[in-house]
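Enquirer: This structure is in structure tokens; I'll ask about it shortly.
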Amino acid sequence: MLYVSTRGKTDLVSSAHAITRGLAGDGGLFVPQNIPAMRMVDIKAMEHKPYTERAIDVLLQYLTDFSEDELRECVNAAYAKDKFGDNPVPLVQVNENTGVLELWHGPTSAFKDMALQLLPHLLTRSMKKTGETNKVVILVATSGDTGKAALEGFADVEGTQIIVFYPSEGVSDIQKRQMITQAGKNVKVFGIEGNFDDAQRGVKEIFGNKAMSDELEKKGYTFSSANSINWGRLVPQIVYYFSAYVDAIKAGKIAAGDAINFVVPTGNFGDILAGYYAKLMGLPIDRLLCASNSNNVLTDFINSGVYDKRRDFYKTISPSMDILVSSNLERLLYNVSDGDAVRVAEYMQRLNNEGFYQVDSDDLKRIQSEFFGAWVDELETKEAISRIYSDYHYLMDTHTAVAWRALEKYRFLTSDETYTIVLSTASPYKFADSVLEALDDKEQPKGEPFALLHKLNEETGVEIPPRMLALEELPVLHSEVIPSDKMELAVMKNLV
């Protein structure tokens, strides 16, 4: 299996090279040259396997320069019982035709752990395979969860250094606390004055600064990414779609071969794109529902074919989706245009220069045949949290609630009652203030994140993740906040 750039101006590379470099040299994203197929008999065979073995079945299709034994070592280390418990991704049946796939049972209580506990193992082995001798510097822009999950995964990993940038006023109190207390000899965390898109743009500019890269190369550093632009971040996410499907078979909700729907709360499009790859591989998925908050650029794109980032940016109670530039959409455009890298490059250039692009009608038809887009405002999000807790005694975070409400809108519009799995991307305790507001119908006091954790626990009886509780006692190690136009300078100062 070889990998190409979505913009078509780089050579074919191995998965190890794609993972080590993160971003293609022409600014594009690495994608597999072809999509491997899995037969239903092989999917059905996953039913009686643990999650680690299911992961190996899928990863072997894409990471063909890794042996099965190598992948088993990586996967067993990533999803160890002391990190994820007995079942890393439980499928919870909330009502007759809806299940919730809980992706937040890892060390940072967010779905990003599913990829970022595995990526460091894949990266360090990839570095050996490609003969990389420089220290790999992982640059991360985060809207809240990726930063902590990457820090947790890469802290003190030999041969790497990690620098994380987060919007200083654009993450939850718990998310911020998780990042600024991170220990490790090789970690650095900066708040920036701006939003996630400013952070993401800054990281992309650093990747695109050839003079800076060349200078740091001479000093023994090579840039890579832990954001979902890195194929090594995306490929582990394909696994849990297969896992959810076979768990639905085990639960008696579907028969093998039945098509189901997934609904995904997403801002950067990586999580739902993994589901699209699973479908292309043969997993029986009918529709992929893309759920947005008030930053509804993806909903508008799916419904109109116009991607327009020239709009107001909203800070919402689902901050991990507060994004206007969705990096992974580029991979989808490459697929629906049948690998037309010239067309993809033109779309991306127009977005960069003019702030918008419009896909052609054939591309739009293909997108709309696979995806449904809906967006959900703040009031609807809180109402969904309160109502689902009242009706089913199931507690959701603010992002999962966006997905649930989007599903309700889809069912109302289409009358499609197909069995559907909602992806739950974070523990409700990461956003305890907003969840409590939804349950109590009153604003919670700011600056008291740990008191709110205990209050939510008292009201619901849902267990607080132990690692989250431990944050209260940890010292703040990273307090620096910088303007977004000083990110390059911060990287240089930190490395040289």
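Enquirer: Residues in the stretch 401-410: is at least one over 21 Å from the mean Cα position of the chain (by Cα) and not hydroxyl-bearing (Ser, Thr, Tyr)?
Expert: yes
Enquirer: Can you find a residue that is assigned to a helix (DSSP H, G or I), free of Cβ contacts under 8 Å to residues at least 60 places away in the same chain and more than 24 Å from the chain's Cα centre (by Cα) anywhere in the stretch 419-431?
Expert: no
Enquirer: Is it fair to say SER213 is of a type in the set (S, T, N, Q), farther than 28 Å from ILE464 by Cβ and free of Cβ contacts under 8 Å to residues at least 24 places away in the same chain?
Expert: For SER213, the condition - of a type in the set (S, T, N, Q), farther than 28 Å from ILE464 by Cβ and free of Cβ contacts under 8 Å to residues at least 24 places away in the same chain - is met.
Enquirer: What are the residues in the stretch 374-418 that are more than 27 Å from GLY461 (Cβ to Cβ), open to solvent by 10 Å² or more (accessible area, probe 1.4 Å) and assigned to a helix (DSSP H, G or I), if any?
Expert: Scanning the stretch 374-418 gives LYS409, ARG411, PHE412, LEU413, THR414.
Enquirer: For the stretch 268-296, which positions are touching a Ser or Thr at 6+ places or on another chain (Cβ under 9 Å) and either open to solvent by 10 Å² or more (accessible area, probe 1.4 Å) or within 22 Å of THR414 (Cα to Cα) (or both)?
Expert: Across the stretch 268-296, the qualifying residues are ASN268, ILE272, ASP286, ARG287, LEU289, CYS290, ALA291, SER292, ASN293, SER294.
Enquirer: Now for a separate question. In the stretch 36-73, what residues are touching a Ser or Thr at 6+ places or on another chain (Cβ under 9 Å), assigned to a helix (DSSP H, G or I), of a type outside the set (A, V, I, L, M) and open to solvent by less than 50 Å² (accessible area, probe 1.4 Å)?
Expert: Within the stretch 36-73, TYR51, ARG54, TYR62 qualify.
Enquirer: In addition: Out of the residues in the stretch 297-321 meeting the condition of being open to solvent by 10 Å² or more (accessible area, probe 1.4 Å), touching a residue at least 60 places away in the same chain (Cβ under 8 Å) and part of a loop (DSSP other than H, G, I, E, B), tell me which one is nearest to ASP173 (Cα to Cα).
Expert: ILE317
Enquirer: Name, by its number, the condition in (1) touching a residue at least 12 places away in the same chain (Cβ under 8 Å); (2) in a helix (DSSP H, G or I); (3) not polar (S, T, N, Q) that does not hold for TYR357.
Expert: Result: TYR357 passes all but (2).
Enquirer: Determine which single condition ARG343 fails, assuming it passes every other condition in (1) part of a helix (DSSP H, G or I); (2) open to solvent by less than 10 Å² (accessible area, probe 1.4 Å); (3) farther than 29 Å from TYR51 by Cβ; (4) without any contact (Cβ under 8 Å) to a residue 60 or more places away in the chain.
Expert: Every listed condition holds for ARG343 apart from (2).
Enquirer: Could you tell me whether any residue of the stretch 353-363 is touching a Phe, Trp or Tyr at 6+ places or on another chain (Cβ under 7 Å), within 16 Å of PRO265 (Cα to Cα) and surrounded by 14 or more Cβ atoms within 10 Å (Cβ to Cβ)?
Expert: no
Enquirer: Check the stretch 94-102 and report whether any residue there is at pLDDT 95 or above, under 25 Å from LYS185 (Cβ atoms) and either surrounded by fewer than 21 Cβ atoms within 10 Å (Cβ to Cβ) or not basic (Lys, Arg) (or both).
Expert: No; the residues of the stretch 94-102 include none that is at pLDDT 95 or above, under 25 Å from LYS185 (Cβ atoms) and either surrounded by fewer than 21 Cβ atoms within 10 Å (Cβ to Cβ) or not basic (Lys, Arg) (or both).
The values are calculated or read from the model by the stated rules, or taken from the named source; none is laboratory data. Because the structure is predicted, anything quoted here is derived from the model rather than measured. Note that we place each Cβ from the backbone using ideal geometry, even for glycine, and neighbour counts take in every protein chain shown. When the accessible area is computed, the model is the full protein with side chains, heavy atoms only, and any ligands, DNA or RNA have been set aside. Shrake-Rupley method; radii C 1.70, N 1.55, O 1.52, S 1.80 Å.
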